[in-house]
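Q: Please see the structure below; I have some questions.
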Amino acid sequence: MQLALQILVNGLLLGGLYALLAVGLTLIFGVLRVVNFAHAEFMMLGMFGVYWVWHLTGLDPYLAVLVVTPLVLLFGIVCDRLIIQRTIGAPEVTVVFATLGLSIFLQNAALTLWTADIRSVTTAYSGMVLTPFGLRVSVPMLISFTVAMLAAAGLWLVLTRTLYGKAIQAVAQNREAAALMGIDVRRIYLWTFSVAVAAAGAMGGLIAPLFTVYPRVGISYIVTVFVIVVLGGLGSVPGAVLAALLIGLIEAAAGFLFGAAWAELSYFLIFLAVLIARPQGFFGRRGAEVFAGR
Amino acid sequence: MGNEPANELRVSLLVGLPLAAALVAVPTFVSDVFWLGLGITVLMWAALATAWNISGGLAGGLSLGHAAYFGVGAYTATLLFLRFGISPYFGLLAGAVLAGALGAAIGAITLRLRGPFFVLATLAFGIVVHIAAVNWRDLTRGAAGLLLPFGGGARNMLFAGVAPYWYLGLGLLALTLGVTLAIRRSPLGYYLVALREDEDAARALGVKVVRCKVAASAISAALTACAGAFYATYIQYIDPSSTTQFEISVQIALIAIVGGIGTTFGPALGALVVVPLGEILRASLGGGPALMLYGLMLIVIVLAAPNGVIGLLQRLLSMMRSGARRRATTRRSRGHA
Amino acid sequence: MSRRNSTASTRRQFRVATLVLTLAASLMVGQLAMAAEPAVTSLRLGALFPQSGDLAFGAADALQGVQIAVELFNETNEHGITVELVTADAPNPAGGAAGVRQLVTANRADVIIGTYASAIASAAAPAAERLGIPYVESTAFAEGITRNTGNVIRTTISSGALGAAAMDFVLTGLAERLEVAEADMRVALVYTDDEFGVSIADAALARLNESPATLVLQESYPAATTRDLSSVLLRLGQTEPHAVVHIAQVPDATLLWRQAQQLDVYMPAVVGAGGGYGQAQFAAALGPNVNGIFNVVPPTSGSINTEALSPEAQELLRELRERVAERGWNQGNYTDWAFMGAWVFLDEILPRANSLSVDDLMAAAAEVEVDALDSITGFGFEFIPAGEPNSGQNLRAIPVVQQWQEGTLDVVYPEELAVSEFINVPLPTWGERTEQIGD
């Protein structure tokens, strides 16, 4: 029983990590119709940013996140202006391969600038643990989990309760109609993209004390997060969060039951099954999967 | 649009026959293993991109999972030879049949998916096959890889020299291009064009959507597997990271896109541009900066020239034509003055 | 009688003549050797290592080791041989085969030295064999590289020897220290599913199967995409092993330890086998928790008592260290292995070779005998001759067991090579560690 609960906790904490990435990705996906293959590279940039600030100034990594996240946001704006805006309305090929190109570029820019060295941020609380009911809960994991949940909730409130959020939703539903209603679609795109990638950067910063930092670290996340986004339903913030937690749980449970080698396989198979049976995901609108993507 | 395939056939006969003759003669003139090796690599990727184009370009389903078929072809041929002594010539056929069946299944499964959903479904399929290749160690030896014996002989498609692989690669490319041309001239080709332009309208006109898509996916997969078997006998060592990995899928699609998807010769042309360029960049700049440039070029190409090199060439041609016309006009007007 | 006599005298004359001839010949040969006039006077050496992709990080050290060896060899110029180094990037197996072709035909390399990663070497060495080019393997471990080819001279250890040595240590030296009988030992094997992990794990398993000890857990995971090992750790905790053999790179080795602390999973002893467990970055990430973790590797200058080396080896090591420091590089295990491998090839094999052909170099290699104390790495060189199974493999590349002690790796086993005593056997529990930090 204790063991089952521990697996549950591990899975949820892991899912929390995915959630912050997934929320951003699902927004970009839902609003811009862009499959952002470079999403995890913004996380990598956040990790490196926090590592460098911590390494050079000795600033606490969690404070460094506050410095780094705006920088990633700025960089997101640049990327949006230079690349993403130009892919809007372009054929599927352009959208997919422009972001794949960006991903290759960023990974290797990091490799060229900072070498392939594997770096780590060590702090006094890296190994700190809470032990409620005899369970083991890592403090840094809990912090990133909490921030992810709060950020997702905040984002959801903005989307559903504010005028700006409603404008975003209108654009997501029908770009032409939204433009006719006087919504500045390009601005919506700009902010959706840059806030989403800034969230990825923040997430990178938050997990820097937990994981090692190296140029190709994003690869281990991106495909999993895509699975989450599709399971959660295109553009659905609550869907992405729930799917992230679910994938975290599946990974932890399947890993324990069948071994680590097969954990990844299990959720890909679930993913394929869902795509076949219910391609709109758990929370997606019906018909999204056959939306042509422009 | 309608007579384009017929045009292409004429062009391919006019340009293709002398070109093919020249290509066949290459090893007699180029004895340098580096250039010949590079040429073989270009041929292999040209064949892969052309095969991808049948489902990715003609049928319009942007697949990021083709490494799975490549791997199936490579592993089938290798394992049949290592375990049962079956010559890779037959192994290649077996791999093609197996991959074709797999391609048909995937084609049927992803039938209704469009846009990003189709991309992600193929991506997930590719990863599932990769995980299987890594972890099904009794069959594949996992990451330790499989080594084909050195000097297995011509009977087993294992040559000591490089030149025979040039001819095999040439044959492979000819096969994929031939199949592409045949499809474009067949009813299947017309249906695929109709489907790609407007699926609902095509369906209303009575196009057998399911049959067309499944057929395109299966043919594309089978041809990709042939290239996989070719790779295995050429490099004589296969492991999951060089056959079934995601990066291979990306590279296949990328080459087709750089060349110009949906056209017959574009993807092959893409290989001629991308592969040597990649090698030159890597040799002159080193890995990191080279891949940086590679990524940057990919972005620029898809943004500025989504129709690829073929598209650029066509634009250049028409510009030259209109330029010539304009020059002619100015000359005439000057004459009047 | 006289006939017999004359026959005898002829025989004696013949004997004398033979003796004189032999003496003269041996003198001449000796003089030839003395004159240090090697048959080979120049060499283009092609260095083939991954410089991009997942493996670029560890491989950088190896390439730097080769670069320094060549530079030093040219400066000392003892044998009148000049070496020119050309390099190529080999990020994956196909890149390895292409790199070989580039080096041989575009850069006119005579010999190739590589490769850091076994999968790449597995494709590159046969590609070189097809071109008739000798291949020096300085850093890749996979058994098949020497077993399946005839052109490879491997200066470093093979994975089979490494995995077997790791498990052998667990079942003998470590079991003894843990005061557990070999038959009662409970061993867990955790490894990455890449070539490095699988080949070492297979050899370790084979050694374990010969023993009465119990394998309580065998787990592999994807090396490049793992971000959670909590399930592995929970399984580990359930099986209560006496020792864990973990074959990993830096990110996943670090992850396993950080999560073990978070989840309070106790491992009484952990033995790594190169890769991440030998890297300074791993120690930096773990801080004081690294103390007591074992690592089985062919030794390096960083782990042995270098005072015991011969003066020549000490001088060589001083040169290497200076040059590494001058450039601000990192002197890791791979720097040492690649440097020493390249040095032995240039300084020992090359001057003995009649030509740069595979046959002549293999024959020259078979003559080489370098004592462990004449090598900066603390392991000697003696190569299996051509024609025998596993030809070209260095027989004297035998691993030692190191232990992390106060941030450095010290050899603790076998005893005759040890520079330090064992510490932390068994390791402190996580509870005990926090108390220590709390003090």
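The values are calculated or read from the model by the stated rules, or taken from the named source; none is laboratory data. The structure displayed is predicted, hence computed values, not measured ones. Cβ atoms come from the backbone with ideal geometry, glycine included; neighbour counts cover every protein chain shown.
Q: Report the residue count in region C:117-171 for those that are out of contact with any Pro (no Cβ under 7 Å at 6 or more places or on another chain), in a helix (DSSP H, G or I) and among the hydrophobic types (A, V, I, L, M, F, W, C).
A: 12
So that you can scan it fast, the table gives a plain yes or no per residue for (1) surrounded by fewer than 24 Cβ atoms within 10 Å (Cβ to Cβ); (2) not in a helix (DSSP H, G or I); (3) not charged (D, E, K, R):
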{"site": "B:42", "(1), (2), (3)": "yes, no, yes"}
{"site": "B:45", "(1), (2), (3)": "no, no, yes"}
{"site": "B:52", "(1), (2), (3)": "no, no, yes"}
{"site": "B:57", "(1), (2), (3)": "no, no, yes"}
{"site": "B:60", "(1), (2), (3)": "yes, yes, yes"}
{"site": "B:70", "(1), (2), (3)": "no, no, yes"}
{"site": "B:74", "(1), (2), (3)": "no, no, yes"}
{"site": "B:77", "(1), (2), (3)": "no, no, yes"}
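Q: Then there is this: Listed residues B:195, B:175; which is in contact with a Lys or Arg (Cβ under 8 Å, 6 or more places away or on another chain) and not small (Gly, Ala, Ser)?
A: Checking each option against the conditions leaves just B:195.
Q: Please work out if residue A:208 is surrounded by 22 or more Cβ atoms within 10 Å (Cβ to Cβ), more than 18 Å from the chain's Cα centre (by Cα) and within 12 Å of chain C (Cβ to nearest Cβ).
A: Considered against the rule, which asks whether it is surrounded by 22 or more Cβ atoms within 10 Å (Cβ to Cβ), more than 18 Å from the chain's Cα centre (by Cα) and within 12 Å of chain C (Cβ to nearest Cβ), residue A:208 comes out as no.
Q: Here is a follow-up. Starting from region A:119-132, take each residue that is in contact (Cβ under 8 Å) with a residue 60 or more places away in the chain and list its partners that are not in a loop (DSSP other than H, G, I, E, B), counting only C-beta distances under 6 angstrom and pairs at least six apart or across chains.
A: As it stands, the answer is A:119/A:51; A:119/A:213; A:120/C:285; A:121/A:51; A:121/A:54; A:121/A:61; A:122/C:287; A:125/A:139, since those pairs meet every condition given.
Q: Can I ask one more? For region B:172-191, indicate whether the set of residues that are touching a helix residue (DSSP H, G or I) at 6+ places or on another chain (Cβ under 9 Å), among the β-branched types (Val, Ile, Thr), surrounded by fewer than 22 Cβ atoms within 10 Å (Cβ to Cβ) and at the interface with another protein chain (Cβ under 8 Å from one of its Cβ atoms) is non-empty.
A: No: region B:172-191 contains no residue that is touching a helix residue (DSSP H, G or I) at 6+ places or on another chain (Cβ under 9 Å), among the β-branched types (Val, Ile, Thr), surrounded by fewer than 22 Cβ atoms within 10 Å (Cβ to Cβ) and at the interface with another protein chain (Cβ under 8 Å from one of its Cβ atoms).
Q: For residues that are within 20 Å of the chain's Cα centre (by Cα) and surrounded by fewer than 24 Cβ atoms within 10 Å (Cβ to Cβ), tally how many sit in region B:125-135.
A: 1
Q: Working only within region C:28-60, note down all residues that are modelled with pLDDT under 75 and either over 15 Å from residue C:99 (Cα atoms) or over 27 Å from the mean Cα position of the chain (by Cα) (or both).
A: Hits for region C:28-60 are C:28, C:29, C:30, C:31, C:32, C:33, C:34, C:35, C:36, C:37, C:38, C:54.
Q: I've got another one for you. Kindly provide the set of residues from region C:238-255 that are within 12 Å of chain A (Cβ to nearest Cβ), within 24 Å of residue C:195 (Cα to Cα) and either touching a Cys at 6+ places or on another chain (Cβ under 7 Å) or not hydroxyl-bearing (Ser, Thr, Tyr) (or both), ordered by number.
A: Within region C:238-255, C:248, C:249, C:250, C:251, C:252, C:253, C:255 qualify.
Q: Let me ask you something else. Which numbered condition trips up residue A:231, out of (1) buried (at least 21 other Cβ atoms within 10 Å of the Cβ); (2) within 14 Å of chain C (Cβ to nearest Cβ)?
A: So the condition that residue A:231 fails would be (2).
Q: What are the residues in region A:58-87 that are closer than 21 Å to residue A:210 by Cα, over 18 Å from the mean Cα position of the chain (by Cα) and in a helix (DSSP H, G or I), if any?
A: A:61, A:62, A:63, A:64, A:67
Q: Considering only region B:171-182, I want to know if a residue exists there that is more than 30 Å from residue A:261 (Cα to Cα) and at pLDDT below 85.
A: no
Q: Within region C:185-215, restricting attention to residues that are within 14 Å of chain B (Cβ to nearest Cβ) and polar (S, T, N, Q), which residue is surrounded by the most Cβ atoms within 10 Å (Cβ to Cβ)?
A: C:199
Q: Among residues belonging to region C:273-300 that are surrounded by 24 or more Cβ atoms within 10 Å (Cβ to Cβ) and part of a loop (DSSP other than H, G, I, E, B), point out the one that is nearest to the other protein chains (Cβ to nearest Cβ).
A: C:279
Q: Hey, can you tell me all the residues within region C:394-420 that are among the acidic types (Asp, Glu) and either modelled with pLDDT of 90 or more or surrounded by 17 or more Cβ atoms within 10 Å (Cβ to Cβ) (or both)?
A: Once the filter is applied, which keeps residues that are among the acidic types (Asp, Glu) and either modelled with pLDDT of 90 or more or surrounded by 17 or more Cβ atoms within 10 Å (Cβ to Cβ) (or both), region C:394-420 yields only C:410.
Q: What number of residues in region B:98-140 are closer than 24 Å to residue C:117 by Cα and facing another protein chain (nearest Cβ under 8 Å)?
A: 6
Q: In region B:278-299, what count of residues is obtained for those that are within 21 Å of the chain's Cα centre (by Cα) and more than 14 Å from chain C (Cβ to nearest Cβ)?
A: Selection size over region B:278-299: 3.
Q: A further question on this structure: Quick one: in region C:67-109, of everything that is over 24 Å from residue B:161 (Cβ atoms) and among the small types (Gly, Ala, Ser), which residue is farthest from the other protein chains (Cβ to nearest Cβ)?
A: Residues of region C:67-109 over 24 Å from residue B:161 (Cβ atoms): C:67-85, C:87, C:89, C:91.
Now drop any that are not among the small types (Gly, Ala, Ser), which leaves C:69, C:80.
Values: C:69: 20, C:80: 30 Å.
Out of the qualifying residues, it is C:80.
Q: Quickly run through region A:88-126 and pick out the residues that are over 26 Å from residue A:34 (Cα atoms) and either away from chain B (no Cβ under 14 Å) or under 21 Å from the mean Cα position of the chain (by Cα) (or both).
A: Scanning region A:88-126 gives A:118, A:119, A:120, A:121, A:122, A:123, A:124, A:125, A:126.
Q: Only one of C:258, C:227, C:235 is basic (Lys, Arg), within 14 Å of chain A (Cβ to nearest Cβ) and buried (at least 23 other Cβ atoms within 10 Å of the Cβ); which?
A: The match here is C:258.
Q: Only one of (1) crowded, with 24+ Cβ neighbours inside 10 Å; (2) over 30 Å from residue B:139 (Cα atoms); (3) more than 9 Å from every other protein chain (Cβ to nearest Cβ) is not met by residue B:220, so which one is it?
A: Failed condition: (2).
Q: Right, here's the next one. For region A:157-180, indicate whether the set of residues that are surrounded by fewer than 17 Cβ atoms within 10 Å (Cβ to Cβ) and closer than 27 Å to residue A:9 by Cα is non-empty.
A: yes
Q: Tell me yes or no: at least one residue of region C:172-186 is part of a helix (DSSP H, G or I) and within 18 Å of the chain's Cα centre (by Cα).
A: For region C:172-186, residues part of a helix (DSSP H, G or I) and within 18 Å of the chain's Cα centre (by Cα): absent.
Q: Examine region C:174-182 for a residue that is away from chain A (no Cβ under 14 Å) and either of a type in the set (Lys, Arg) or at positive phi (or both), and state whether such a residue exists. Step through it out loud before you land on a result.
A: Within region C:174-182, the first condition is being away from chain A (no Cβ under 14 Å), and the residues that meet it are C:174-182.
When the remaining residues are screened for being either of a type in the set (Lys, Arg) or at positive phi (or both), the result is C:177, C:179.
Yes, there is a match, as at least one residue in region C:174-182 is away from chain A (no Cβ under 14 Å) and either of a type in the set (Lys, Arg) or at positive phi (or both).
Q: Could you check residue C:219 against (1) outside any helix (DSSP H, G or I); (2) within 27 Å of the chain's Cα centre (by Cα); (3) away from chain A (no Cβ under 11 Å); (4) more than 26 Å from residue A:125 (Cα to Cα) and say which number it fails?
A: Result: residue C:219 passes all but (3).
Q: Need a quick list: helices (runs of 4 or more DSSP H) entirely within region A:149-248 having at least 2 residues that are of a type outside the set (A, V, I, L, M), over 26 Å from residue A:63 (Cβ atoms) and touching a His at 6+ places or on another chain (Cβ under 6 Å).
A: Passing ranges: none, list empty.
Q: Please verify whether residue C:428 is within 16 Å of residue C:146 (Cβ to Cβ), outside the structural domain of residue C:152 (by TED's automatic domain parsing) and part of a loop (DSSP other than H, G, I, E, B), treating the condition exactly as stated.
A: It is false that residue C:428 is within 16 Å of residue C:146 (Cβ to Cβ), outside the structural domain of residue C:152 (by TED's automatic domain parsing) and part of a loop (DSSP other than H, G, I, E, B).
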